[in-house]
1. Would you please name the residue that is farthest from Leu89 (Cα to Cα), looking only at residues in the range 22-41 that are at pLDDT below 90 and buried (at least 16 other Cβ atoms within 10 Å of the Cβ)?
2. Restricting the search to the range 42-66, which residues are at pLDDT 90 or above, in contact with a helix residue (DSSP H, G or I) (Cβ under 8 Å, 6 or more places away or on another chain) and of a type in the set (Gly, Ala, Ser)?
3. Could you please tell me which pairs satisfy a Cβ distance under 7 Å, a separation of 6+ or placement on different chains, a first residue in the range 18-32 that is free of Cβ contacts under 8 Å to residues at least 60 places away in the same chain, and a second residue that is in a loop (DSSP other than H, G, I, E, B) and exposed (fewer than 11 other Cβ atoms within 10 Å of the Cβ)?
4. Hey, can you tell me all the residues within the range 104-118 that are surrounded by fewer than 14 Cβ atoms within 10 Å (Cβ to Cβ), of a type in the set (Lys, Arg) and assigned to a loop (DSSP other than H, G, I, E, B)?
5. Checking Tyr161 against (1) of a type in the set (Ser, Thr, Tyr); (2) modelled with pLDDT of 95 or more; (3) surrounded by fewer than 16 Cβ atoms within 10 Å (Cβ to Cβ), which test does it fail?
6. Restricting attention to the range 119-127, does a residue exist that is modelled with pLDDT of 95 or more, among the hydrophobic types (A, V, I, L, M, F, W, C) and part of a helix (DSSP H, G or I)?
Amino acid sequence: MRFAFTDDQLAFADAVREEVVDLFAAGADIVQLDEPWMESRHELAREFGLETLRRALDGIEGTKALHICFGYPLFVPDHERAYRYLSELADAPVDQISIESAQARLDLEVLRQLDGKTVILGVIALDDPAIETPETVAERIKRAQPYHQDLIAAPDCGMKYLPRAVADGKLRSMVEAARLLRAELA
């Protein structure tokens, strides 16, 4: 049996749509929605996640990104090592999909199913205060390349639980990793 929403139940999607429209009208180049629910409630997301996302975003001009939150490892240490709701997003009305892969050590073969989307690949782990070397970050990016070519390197998620100096060091390593990879391609 398929779940059906009433217009009142889709009011949140309508409110998100208004915000996205306003952000693009104000000059935003990219609008990213952070979505903690689709992964944590993957069975329900299969019933109405895409329908809700379409209501919020279809027809909106501009680059739209969707971050699928895997959960801060500090709070969800025993999370499965695979996204349970990711391949479904191949049909989502977004241009970019942001995932967390560093701390989860995911099997990235699922990225093959996101053809046509830019993948914002989380390559900075937030569950460890140690600053990754640029080489470590570059290897995390390389792990995804056999499965998807249109990649943007990013932290796994927000860095709010890290001290500023650690976050800064991790971001610097990510920038240097990109330089290393570009040099390899040249």
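1. Ser40
2. Those that are at pLDDT 90 or above, in contact with a helix residue (DSSP H, G or I) (Cβ under 8 Å, 6 or more places away or on another chain) and of a type in the set (Gly, Ala, Ser): Ala56, Gly62.
3. Close Cβ pairs satisfying both conditions: Phe24/Glu61.
4. Result: Arg105, single match.
5. For Tyr161, the failing item is (2).
6. So far as the range 119-127 goes, no, none of its residues is modelled with pLDDT of 95 or more, among the hydrophobic types (A, V, I, L, M, F, W, C) and part of a helix (DSSP H, G or I).
The values are calculated or read from the model by the stated rules, or taken from the named source; none is laboratory data. Quick caveat: nothing in here was measured; it's all calculated off a predicted structure. Every residue, glycine among them, receives a Cβ derived from its backbone with ideal geometry; neighbour counts consider all protein chains shown.
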